[in-house]
Amino acid sequence: MKHKSNSWLTNMQPWHPKLPCVEAINTAMFDCRLNGEGRANVNSAIANGPSRRVQSHRGNVTIRFTSTKMATQVMLESRRGELPLAVLAEANPDVVAFFAQPDPIELEIKDASGKVLTRLSYTPDLMVVFKNAVEIWEARDLAKLAADHLKNPMRFVLTEDGQWHDRAAEEAYKKLGFQHRLIDNSSIPSVLVRNIRFLEDYTRSDSPPLDPKVGEAIAAYVQAQRFVTLHHLIRLAGFKADDVYKLVLLNGVYVDMKTQLLDNSSDLTIYSDATTCAAHQRVATAQLEKPLPVPGRAWIRTGGQLKYQGVTYTVILVGERDVLVRNSDGIDSTLQLEALRALNDAGHIVTDALTQKSDIRQLADFSPEEIERAMARMDAIANPGASKYSIRQINKFRRCIAHCVTQIDALIALMDRQRDRGNFKPRHPSRSQDLLRQAIDEHYNKPERPTRMDAWKEYVKACRTTLPDQSAVTPISYSRFCKSCNEHEDVKKREGKKQAYQKRAIVQSLDNAYPVHGLRPHEVVHIDHTVATMATISPNGADLGKPYLSIAFDACIASCRAMVLSYNPPSSATVLLLLRDYVRRNGRAPSGLVLDHGKEFKSAELAFFCALHGIEIRYRPPGMPRGGSPVERAFGSLETEVFAALEGNTRQMRDPRLVTAEVNPFARATWTLTALYYAIEKYFFQDKPNEVSPALGMTPKEYEKKLLEETGQRAHMLVRYDENLMLLTCPHPTRRHHVVDPKRGVWVNGMWYMHPDFKKLLGKTKAEVRVEPWLHRVVYVQINQRWVAATASNARWVGNKTKEEVEIALREERRQAGADA
């Protein structure tokens, strides 16, 4: 049985450190006839790499993306913009190579007449080299694009075909022979990107091929049914999910990669051909119910239609910051509310979904008190003799509801307008209002956090100060000034951006184009550290303080995957040991890691390990701990469910001044590090996985089994726990290379390490060294293109101790020697 390969997915080449993409790039530059300046720009990107480091100043996520096509790791600045574009470029067979943050160029910003207003330096997101062209891709948030268009409509233009253009960048890159594309994030085919990422594991060189007999059986079964759900194929027909996905990759069965989500296994339908898929989807789209009306006044009305970029959307739901819409094919997506406002003001949106103040009022627009008063008027119409209203008032009420058809319309027509009573316009002159805002900005919103009284005194002083052309104004009262301070308080200016982040409202989003926690086991794993709130002692009773706990937490199944408990502060060695423990417990490595910007997460050893195993690294925004909410919740539950019940926990030491001697936890410590490790391990790996999770509706263990059955076992992704893994998870000492003496060996961490092969060296040579964290008497040295295990010359007294245990013993020995002296 012959299958036609899917060009978007199967042309991904295996990772190789010497991939000859440079020759292909030179061929592409020759075919597209680049000029000398354009060639120099491309060659600079090849030779020098990114022109600047990735930045995370605006709360964006930075990603270390492993590219098999480029045989390197590419640093990207956006999870919703640059990363999807990199995935599409990686899977596109026409793309030879792509580079992030290429060399900046100078842009000329012009007005309508062509006069140069200013010049600025511009660094694009991606340089993409095709077989016959070189393109510059710039991904922008739609709200940012709309704001830039309103600010500078001559530079940022939205054409009738729905494409955004940066005229200044297009003119500059046209001189180099490049094409510039300005892409808004909402136009990126997110479904295709998710499907490509879902099938990446099956495009690897080590993925076993599909058995032809199994492929023919699945194709024949689907052909007989014309279309069948994935659950039916797996649970009733008895096929494996891995085989089904491999057959999809080979086009033996059909799935619309741009509209169907492979990871949505509960709703995934497999078709025999494209025609059957189109017919089935058209019927399913026609059967979709119209959006239900949502009560309450909104700027965009649910059920209305809007046209953007040539596509007509129906509004499904309006959120706090985005709008859920559905196109004519029945595909749901989101558009940003702020962007729609700006584009509507600029006249780029055609819609009947906008509500006006003259719209018919709804019942949700009124308070319970107003509804109660309207009900009293309705009762007066039904029973005039028992009401408090006069005959004239009742007749007026009857005229109000004469045109109403339903009781709800009549009730709304009888609503009063008491809320509109009174004059709410400011009664103070405009100069007083200006001085009020100035006093709040200059004397209240300051890092010194002055009181409202101090700012009010400055405001009164400013009101009484007169200039030759001005007269004194009457200041507002202190109580009204305090209300104004509450309205215009800037927490960021008074307390800093971290406090502003903590006090900022958590705005929910309707967008789930790229699920942040992953959709299958081992896909997204969070790593973080904390200080365990437990006082520990040594076996002989010596106080050892509080240890550090590091865990790797799978966000998809809400379960801990690995842990390290140690007295050593978190370092790159801790992260490597955590990955070693991950492979030991699970037999595989994670597909992606979510990390903060700690120094221990940016080591060369971690980057090399992740590049070798194809692990993507996401660095969450600094100072924003909500990005690591799964692992933070795990630490919180461990403290409340385990540590809180153990003797010697230090939870009450958060305010040490209130802790007396009889309740001091360090005086009551009874737990050793080993005992505490087994208690934490039992909680994370025995109790919690078998406890029903309210979020999952089942235990994490059952949920993982269900997902592995539906999304594929992916057995070829297993990682062996062997010598290679031990070596890769060993960190370098302070210096990466050390001198090897043929007679004495290599000096590392205050000890000599020797191996018989050192004697064969002709002289002193430098060699790369890695240290075994759990065994201080062993280091690994690379000589003659291979690694050897060197042992300490005085290993007899070192034993099986770690480096820290040896240092503690040496310090104790020196202390005892001093005491004896």
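Rounded to the nearest Hz, the phi-derived 3J(HN,Hα) couplings of the range 153-166 under the Karplus curve 6.51 cos²θ - 1.76 cosθ + 1.60 (θ = phi - 60°) are x, 6, 8, 9, 10, 10, 7, 5, 7, x, 9, 8, 9, 9, where x marks glycine and proline. For Asn540 and Lys115, the difference between the fully extended length at 0.36 nm per residue and the C-alpha to C-alpha distance is 144.8 nm. Counting charges near Lys396 (Lys, Arg +1; Asp, Glu -1) among other residues having Cβ under 13 Å from its Cβ returns a value of +3. Remark: Phe553, Phe130, Phe666, Phe608 ranked as Phe608, Phe666, Phe130, Phe553, counting other beta-carbon atoms within 10 Å and listing the fewest first.
Using R₀ = 41 Å, calculate the FRET efficiency as 1/(1 + (r/R₀)^6) where r is the Cβ-Cβ separation of Arg321 and Ala661; round to 0.05.
Working: r = 53 Å, r/R0 = 1.29.
It comes out at approximately 0.20.
Between Ala500 and Lys290, the simple label model (points 7 Å from Cα in the Cβ direction) yields a spacing of 4.5 nm.
Cα centroids of the range 475-489 and the range 783-821: 67 Å apart.
Note on Lys446: lysines with a C-alpha under 19 Å away, same-chain residues under 8 apart excluded, are Lys457, Lys461, Lys483, Lys492, Lys493, Lys497, Lys498, Lys503.
Sorted from fewest to most neighbouring beta carbons within 10 Å, what does the list His180, His776 look like? Write out the running numbers ahead of the final one.
Details: His180 20, His776 23.
The most exposed by this proxy come first: His180, His776.
Axis angle, to the nearest 10 degrees, between helix 274-286 and the longest C-alpha principal axis of the chain: 40 degrees. Most tightly packed first, judged by the mean number of other beta-carbon atoms within 10 Å of their residues, the peptides 423-433, 473-483 read 473-483, 423-433. For Cys400 and Gln508, the FRET efficiency from 1/(1 + (r/R0)^6), where r spans their Cβ atoms and R0 equals 56 Å, is about 0.90. A Förster radius of 51 Å combined with the Cβ-Cβ distance from Met375 to Gln686 puts the calculated FRET efficiency at roughly 0.30. Take each peptide in 61-72, 230-241, count the other Cβ atoms within 10 Å of every residue, and average; sorted highest first, the result is 61-72, 230-241.
You can think of it this way: the chain between Arg720 and Ser693 has 6.6 nm of extra reach, that is 0.36 nm per residue less the Cα-Cα gap. In the chain, the longest principal axis of the Cα atoms and the axis of helix 604-613 are about 80 degrees apart. Of the chymotrypsin sites (Phe, Trp or Tyr not before Pro) found in the range 242-279, not one falls in a DSSP loop while having at most 13 other beta-carbon atoms within 10 Å. Distance between the modelled labels on Leu363 and Glu160, one decimal in nanometres: 4.7 nm (7 Å Cα→Cβ projection).
Give the angle, between 0 and 90 degrees and rounded to the nearest 10, that separates the Cα long axis of helix 572-586 from the longest principal axis of the Cα atoms of the chain. It works out to around 90 degrees.
Add -39500 (n - 2.57) for each DSSP H run of 4 or more in the chain, then divide by its residues: what number comes out at 222 nm, to the nearest 500 deg cm²/dmol?
Details: 26 runs with 275 residues, N = 821.
Rounded to the nearest 500, it is -10000 deg cm²/dmol.
Here is the list for the range 588-679: GluC sites (Glu not before Pro) lying in DSSP coil, each with at most 11 other C-beta atoms within 10 angstrom of its C-beta, are Glu647. Sorted ascending by nearby beta carbons within 10 Å, beginning with the fewest, Asp687, Asp161, Asp141 become Asp161, Asp687, Asp141.
For the range 41-60, backbone nitrogen atoms closer than 13 Å to the point 7 Å from Asn35 Cα along Cα-to-C-beta are found at 41.
Packing here is the average count of other Cβ atoms within 10 Å per residue, and on that basis the peptides 277-288, 116-127, 309-320, highest first, run 309-320, 116-127, 277-288. Each residue of the range 88-102 was assigned a 3J(HN,Hα) from its phi angle through the Karplus curve 6.51 cos²θ - 1.76 cosθ + 1.60 (θ = phi - 60°); the sequence is 5, 5, 5, 8, 6, x, 7, 8, 7, 7, 8, 10, 8, 6, x Hz, with glycine and proline shown as x.
Spin-label pair Glu108-Lys307: with each label point 7 Å from Cα along the Cα-Cβ axis, the two points sit 3.8 nm from one another.
Each reported figure results from applying straightforward, stated rules to the coordinates on display, with no laboratory input. Since we're looking at a predicted model, the values are computed, not measured. So basically every Cβ, Gly included, is an ideal-geometry build from the backbone, and we count neighbours across all protein chains shown.
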